[in-house]
Amino acid sequence: MTITVFLLFVLGLALISYGANVLVTSTENISKKYNISYFLSSFIFIGLATSSPEIFISIISSLDGKSNIAIGNALGSNIANIAFVFAISYLFLKKDILSVNRFIDRETYGFMFILIIISMLVFLILKDGMISVNDALLLISSFFILIFLYKKFFYQGSKNYKEVDSEQLKSNMKIFINLILGLLTLLIGTELLLDSSIKVAKYYGISNYVIGLSITAIGSSIPELASSIESARKKNIDFIIGNILGSNIFNFAIVISLAGLFTSELPKPLYITDLLRDIIMILITMVSFYIIIKNHNYLFSKILCTLLLGLFTMYQISLYGISL
């Protein structure tokens, strides 16, 4: 069994790496062909696509009466996306890349505004340790209202970041086929990696909420990590920022909503102390995220990313009750 689990783990990583490359390349082609900003296209196509594992986990676990996994997965993934995925991705960027495109435009501020409001709403909804159908409906309705407000006050329309000869671009059909291929490969690889990891966790008697915060959160953030590293390799900061913001918004607005809508039975309420610990981590990572993308100092950004990785490591260790 150990060899089988290891082989599935390696195969999952290989598929994720390939899928991320195809997904990022396809998104670049869509941006160029339809004159959509890199940030907005990454928010929609990469952010939503890389949140698919969390959405899938939310539906399955909730139908199975384990919505605590879905809640833990959403909270844990948002922590991992910044303290793990974003921090590592930024460490891959070189100094000459970080010295350009430092201006934060209205679109980015708009989505940061949405993330802050959605986060506050999630914290209020989870104050009793669970999410009901009414809570889910309130959350998803608020999400669509915020998207409407974004379109009205923050959306700037199409922006052509790069002039590219149309002959260099692939056909519409091929672009979207590659986009779907990249997404499917990411999902299959993530499923293989998660399945093998969860089997080991269950064997050692780890609780559903901790599994959601740790194993499934990190595992389902692997697509974001692979896509962000690929974006860093291609020297595209906008893709990294859009991916993180999009994924975190979708995790809160859609993943947690689905946990409430598809719950077959109400699970045991989560402990308020555990929720406070995770909310504090989310607030710390969100503030750090803003400081890093707005900061002009290369060394300070690298130090803050390193500190985030260290904090994330200690947080994960604390979930298992291990004292250092």
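Applying the selection to the range 57-71, what residues are of a type in the set (A, V, I, L, M, F, W, C) and crowded, with 18+ Cβ neighbours inside 10 Å?
Within the range 57-71, 57, 69, 70, 71 meet the criteria.
Can you tell me which residue is farthest from residue 55 (Cα to Cα) among those in the range 238-256 that are open to solvent by less than 10 Å² (accessible area, probe 1.4 Å) and β-branched (Val, Ile, Thr)?
Applying the filter and picking the extreme gives 240.
Among 56, 86, 6, 45, which is closer than 26 Å to residue 281 by Cα, modelled with pLDDT under 75 and either part of a helix (DSSP H, G or I) or in contact with a Cys (Cβ under 9 Å, 6 or more places away or on another chain) (or both)?
56
Identify the residue in the range 116-151 that is among the small types (Gly, Ala, Ser) and open to solvent by 20 Å² or more (accessible area, probe 1.4 Å) and, among all such residues, is farthest from residue 297 (Cα to Cα).
132
Can you tell me which condition residue 260 does not meet? The list is (1) within 17 Å of the chain's Cα centre (by Cα); (2) open to solvent by less than 20 Å² (accessible area, probe 1.4 Å), and all the others hold.
Among (1) within 17 Å of the chain's Cα centre (by Cα); (2) open to solvent by less than 20 Å² (accessible area, probe 1.4 Å), the lone unmet condition for residue 260 is (1).
For the range 236-255, does any single residue satisfy the condition of being without any contact (Cβ under 8 Å) to a residue 24 or more places away in the chain, out of contact with any Leu (no Cβ under 8 Å at 6 or more places or on another chain) and not charged (D, E, K, R)?
No, every residue in the range 236-255 fails to be without any contact (Cβ under 8 Å) to a residue 24 or more places away in the chain, out of contact with any Leu (no Cβ under 8 Å at 6 or more places or on another chain) and not charged (D, E, K, R).
So which of 105, 64 is among the acidic types (Asp, Glu), farther than 23 Å from residue 228 by Cβ and either touching a strand residue (DSSP E or B) at 6+ places or on another chain (Cβ under 7 Å) or touching a residue at least 24 places away in the same chain (Cβ under 8 Å) (or both)?
Answer to the selection: 64.
Could you please find all residues in the range 24-56 being among the charged types (D, E, K, R), open to solvent by 10 Å² or more (accessible area, probe 1.4 Å) and closer than 19 Å to residue 245 by Cβ?
If the condition is that a residue be among the charged types (D, E, K, R), open to solvent by 10 Å² or more (accessible area, probe 1.4 Å) and closer than 19 Å to residue 245 by Cβ, then 28 is the only one that fits.
Go over the candidates 130, 112 one by one and state the one that is closer than 24 Å to residue 217 by Cβ and in a helix (DSSP H, G or I).
Unique residue meeting the criteria: 112.
Here are 113, 103: which of them is at pLDDT 80 or above and open to solvent by 60 Å² or more (accessible area, probe 1.4 Å)?
Working: 103 fails: at pLDDT 80 or above.
Only one candidate qualifies: 113.
Return the residues of the range 72-94 that are over 28 Å from residue 126 (Cα atoms) and open to solvent by 10 Å² or more (accessible area, probe 1.4 Å); say none if nothing qualifies.
Of everything in the range 72-94, those that are over 28 Å from residue 126 (Cα atoms) and open to solvent by 10 Å² or more (accessible area, probe 1.4 Å) turn out to be 88, 91, 92, 94.
For the range 270-306, name all the residues that are within 30 Å of residue 94 (Cβ to Cβ), surrounded by 13 or more Cβ atoms within 10 Å (Cβ to Cβ) and charged (D, E, K, R).
If the condition is that a residue be within 30 Å of residue 94 (Cβ to Cβ), surrounded by 13 or more Cβ atoms within 10 Å (Cβ to Cβ) and charged (D, E, K, R), then 302 is the only one that fits.
The values are calculated or read from the model by the stated rules, or taken from the named source; none is laboratory data. Note that this is a predicted model, so its numbers are computed, not measured. Reconstructed Cβ throughout: ideal geometry from the backbone, glycine too, with neighbour counts over all protein chains shown. These accessible areas exclude ligands, DNA and RNA; they are computed on the full protein's heavy atoms, side chains included. Shrake-Rupley method; radii C 1.70, N 1.55, O 1.52, S 1.80 Å.
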